[in-house]
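Here is the structure we will look at, set down as structure tokens.
What follows draws every value from the coordinates through simple rules; no lab data is involved. Being a predicted model, the structure only gives us computed values, none of them experimental. Please note: Cβ atoms are built from the backbone with ideal geometry, for glycine as well, and neighbour counts cover all protein chains shown.
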Amino acid sequence: MRNIFKIIEVPEKDGTEKKGAAIGIEVKIGDQVSVIPVSRVCRSSDDLATEVEAIQNELKQTLEKTKAFFGGPSGSGQPDITPEMSAEEVWAILSKIEEESLFITSFNSLDDARRREVAEHVFTRCNVFSGKPSLFSARYNSESGTIE
């Protein structure tokens, strides 16, 4: 597979902002080649790393959907979490996962809005000094909305 991801350089605007970069996907139609941005413009490598992580999470979610599409089991061992579930129901499922890496992967594979809803539930409704809420609170990154 050819490398379709490209870095799009964004020049300074009127000298008021430093240069930035975004992640793009190269699209070729006939003889025309374009690079389409798929991330926001970032002004630091840390911001760009956050965008890369978000793209990776979305690709993982897409892969899981594809496995379901083809009718095979996902094989990931991840719990069945549906969009209709409340943050409390999602946390109830996640908190029962004993394997730490599966717990983290399962949480991080949720979409951004759902992760933040669950985080709000944990921080406002759970005892963050013991058990899974303790692990969650110690490793949760509020900027990226993921567990590290």
Review point. So how far apart, in nm, are the two label points at L63 and S34 if each is 7 Å from Cα heading toward Cβ?
Key: 2.9
Check your understanding: Considering only the other residues whose Cβ falls under 14 Å of the Cβ of I55, what net charge follows from Lys and Arg at +1 and Asp and Glu at -1?
Key -> -3
Study note, to complete from the structure: Note to self, the chain gives a 222 nm [θ] from helices alone (DSSP H runs n ≥ 4, -39500 (n - 2.57) apiece, / all residues, nearest 500) of -14000 deg cm²/dmol
Practice item. Using amide H atoms built 1.01 Å from N in the peptide plane, name the residues 5+ places from V35, or on other chains, whose amide H lies under 5 Å from its own. Key: V27
Practice item. Based on the mean of other Cβ atoms within 10 Å per residue, sort peptides 107-116, 121-130 so the most packed one is first. Key: 107-116, 121-130
Revision key, fill the gap. Note, region 109-115: 3J(HN,Hα) by Karplus (6.51, -1.76, 1.60, θ = phi - 60°), whole Hz, Gly/Pro = x, goes 7, 5, 5, 4, 4, 5, 4
Point to revise | Calculated from backbone phi, Karplus (6.51, -1.76, 1.60) coupling profile of region 142-148 in Hz, x at Gly/Pro | key: 5, 6, 8, x, 10, 9, 9
Practice item. Would you grab the residues whose amide H sits under 5 Å from the one on K6? Only those 5+ places off in sequence or on another chain, please, with H modelled 1.01 Å from N. Key: G24, I25, E26
Exercise for review: Please report, in cubic angstrom per residue, the volume enclosed by the convex hull of the alpha-carbon atoms of region 77-148.
Suggested key: 78
Study note, to complete from the structure: Over the Cα atoms of the chain the radius of gyration and the largest Cα-Cα distance (Dmax), both in Å, equal 18.7, 60
